[in-house]
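Engineer: Structure in structure tokens, see below.
The values are calculated or read from the model by the stated rules, or taken from the named source; none is laboratory data. Just so you know, these numbers come straight off a predicted model, no measurement behind them. Cβ sites come from the backbone with ideal geometry, for glycine too, and all protein chains shown count toward neighbours. These accessible areas exclude ligands, DNA and RNA; they are computed on the full protein's heavy atoms, side chains included. Shrake-Rupley method; radii C 1.70, N 1.55, O 1.52, S 1.80 Å.
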Amino acid sequence: MPLALLALAVSAFGIGTTEFVMMGLLPNVADDLGTSVPTAGHLVSAYAIGVVVGAPLLTALGSRIPRKKMLLLLMALFVVGNLASALAPGFGWLIAGRVLAGLPHGAFFGVGAVVAARLVAEGRQARAVATMFLGLTVANILGVPAATLLGQHLGWRSTFLVVTVIGLLAMAALARLVPDVPVDERQSLGREVRALGRTQVLLGLLTAVFGFAGVFAVYSYLASMTTEVMGFGESSVTLLLALFGIGMTAGALAAGPLTDRALRPTLYGSLGALALVLVAFRFTIHVPWLALVTVVVLGAVGFMTTTPLQMLVMNKAKDAPTLASASNHSAFNLANAGGAWAGGAAVATGWGWTSPTLVGAGLAVVGLAIAAVAGLLDRTRTRTGTGTTEGASRVVAGSAPGVSTVEPAVSGSGTPSSGS
């Protein structure tokens with residue numbers, strides 16, 4: 001594994017920690033700044049807004065900047081946003097800090113995924129991307145629980161100061177370990193925008209919005225389910241979140257090689273499994289030990305969707321994958337917000353704390369249906385000779401030593417081809 005992937009994973013760890021830690025710090029922030037917990041909840045939305053807006057905007061603005069320099073600039077903005085959050089004198093300033101910290105999120109993962117895929121040999125691109133995402137999943141096992149405990153004992157500002165330090169360490173690792181990756185001479189903003197408008201790219205983004213929303217319809221209310229349905233105390237919430245993070249890590253580890261081997265089947269299988277697990281959770285949640293096992297499996301199958309979705313939009317964008325890759329993270333954050341809203345609406349209607357499981361299953365089925373339609377269209381175009389499928393990726397020599405360029409391989413079945 002190239003050490004550059006480790007630098008990307010460390011950066012992802014910091015980003016994942018700051019994204020999810022606010023959920024555990026809302027009561028502390030609300031008490032300190034003299035507001036209510038529901039109002040403090042806007043801090044979660046503020047970060048998501050930053051991601052949705054920043055992913056396409058910053059990627060477009062940086063389309064001609066060398067990839068390593070772009071990663072460093074994005075991580076620098078992440079550091080500034082978290083430092084601003086730590087020093088915020090009031091609630092409004094904290095909202096602004098959270099938006100600022102969220103702006104580079106999608107663009108970083110978009111650019112980082114393209115860089116990761118260029119660092120490895122043919123047939124290992126998905127594994128490289130999954131390795132970067134491991135930092136995000138490990139953040140949910142270690143970073144978020146540790147940062148939450150730190151914030152509860154030393155004040156929420158200490159959490160964002162620590163994340164700021166992690167960001168600085170990530171910048172040092174990026175500067176030292178990531179090789180210079182030049183911008184493809186063919187790349188331009190117009191080409192990136194046109195690639196984003198391709199039917200298969202848009203269908204991939206829609207799959208992410210609906211499919212991943214199924215995860216967050218439940219994850220957003222896992223703490224309440226823990227105390228209200230499973231019968232555990234509040235002290236067990238951290239354990240449940242850590243178990244979910246362990247499942248996410250297992251899913252990321254499995255998704256890389258599976259996606260390299262067969263992209264579309266991995267996507268179909270993970271979305272179908274997600275729907276089944278969510279339905280099962282409706283029943284296993286009443287048996288404590290089964291509920292714990294289901295939480296781990298839910299994290300695994302839920303996060304197993306991310307790598308094939310990331311590779312799908314990158315491959316379908318062909319020679320202009322960066323904007324599509326970044327926009328995929330906007331889609332994931334829309335899924336976070338939409339899934340949380342849909343699950344909350346079911347609870348507010350009076351259907352009970354288990355109702356988000358069925359809502360999530362329904363959203364996963366919609367995502368699977370969109371993915372299936374996209375696959376059918378892809379096969380139809382391939383048979384008529386008007387398009388290519390994603391398959392695996394082949395690698396051609398890049399313009400810098402040790403750097404490769406991803407090109408989509410042609411395969412009629414959605415499984416890896418041998419390239420040419």
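Engineer: Could you figure out which of (1) among the hydrophobic types (A, V, I, L, M, F, W, C); (2) closer than 30 Å to residue 323 by Cβ; (3) buried (at least 17 other Cβ atoms within 10 Å of the Cβ) isn't true of residue 88?
Structural biologist: Unmet condition: (2).
Engineer: Which one of these is modelled with pLDDT under 85, aliphatic (A, V, I, L, M) and more than 17 Å from the chain's Cα centre (by Cα): 121, 126, 84, 96? Talk me through it step by step, then tell me what you get.
Structural biologist: Details: 126 fails: more than 17 Å from the chain's Cα centre (by Cα); 84 fails: modelled with pLDDT under 85; 96 fails: modelled with pLDDT under 85.
Exactly one of 121, 126, 84, 96 is modelled with pLDDT under 85, aliphatic (A, V, I, L, M) and more than 17 Å from the chain's Cα centre (by Cα), namely 121.
Engineer: Would you point out the residue of segment 224-236, among those that are in contact (Cβ under 8 Å) with a residue 40 or more places away in the chain and part of a helix (DSSP H, G or I), that is farthest from residue 20 (Cα to Cα)?
Structural biologist: So the first thing to find is which residues in segment 224-236 are in contact (Cβ under 8 Å) with a residue 40 or more places away in the chain, and the list is 224-225, 228-232.
Cutting the leftovers down to part of a helix (DSSP H, G or I) gives us 224-225, 228.
Numbers: 224: 16, 225: 18, 228: 22 Å.
So, considering only residues that are in contact (Cβ under 8 Å) with a residue 40 or more places away in the chain and part of a helix (DSSP H, G or I), the one farthest from residue 20 (Cα to Cα) is 228.
Engineer: Additional query: Assuming residue 181 fulfils every condition listed in (1) assigned to a helix (DSSP H, G or I); (2) crowded, with 24+ Cβ neighbours inside 10 Å apart from one, which condition is it?
Structural biologist: (1)
Engineer: Quick test of your reading of the structure: residue 164 fulfils all but one of (1) among the hydroxyl-bearing types (Ser, Thr, Tyr); (2) under 21 Å from the mean Cα position of the chain (by Cα); (3) surrounded by fewer than 24 Cβ atoms within 10 Å (Cβ to Cβ); (4) under 30 Å from residue 369 (Cα atoms). Name the failing condition by number.
Structural biologist: Result: residue 164 fails condition (4) only.
Engineer: Moving on to the next point. Would you please name the residue that is most open to solvent (accessible area, probe 1.4 Å), looking only at residues in segment 287-315 that are assigned to a helix (DSSP H, G or I) and over 18 Å from residue 255 (Cβ atoms)? Lay out the reasoning, then the answer.
Structural biologist: Kept after step one, since they are assigned to a helix (DSSP H, G or I), are these residues of segment 287-315: 288-303, 306-315.
Going one step further and asking which of them are over 18 Å from residue 255 (Cβ atoms), we end up with 288-295.
On the way: 288: 59, 289: 165, 290: 56, 291: 0, 292: 47, 293: 75, 294: 15, 295: 1 Å².
So, considering only residues that are assigned to a helix (DSSP H, G or I) and over 18 Å from residue 255 (Cβ atoms), the one most open to solvent (accessible area, probe 1.4 Å) is 289.
Engineer: To continue, here is another question. Give 96, 4, 101 a once-over and let me know the one that is surrounded by fewer than 24 Cβ atoms within 10 Å (Cβ to Cβ) and aliphatic (A, V, I, L, M). Step through it out loud before you land on a result.
Structural biologist: On the way: 4 fails: surrounded by fewer than 24 Cβ atoms within 10 Å (Cβ to Cβ); 101 fails: surrounded by fewer than 24 Cβ atoms within 10 Å (Cβ to Cβ).
Within the list 96, 4, 101, the selection yields 96.
Engineer: Another one. Answer with yes or no whether residue 139 is over 20 Å from residue 250 (Cβ atoms) and either assigned to a helix (DSSP H, G or I) or of a type outside the set (S, T, N, Q) (or both).
Structural biologist: Numbers: over 20 Å from residue 250 (Cβ atoms): no; either assigned to a helix (DSSP H, G or I) or of a type outside the set (S, T, N, Q) (or both): yes.
Taking the combined requirement at face value, the residue does not satisfy it.
Engineer: Quick check, is residue 27 assigned to a loop (DSSP other than H, G, I, E, B), open to solvent by 50 Å² or more (accessible area, probe 1.4 Å) and without any contact (Cβ under 8 Å) to a residue 24 or more places away in the chain?
Structural biologist: No.
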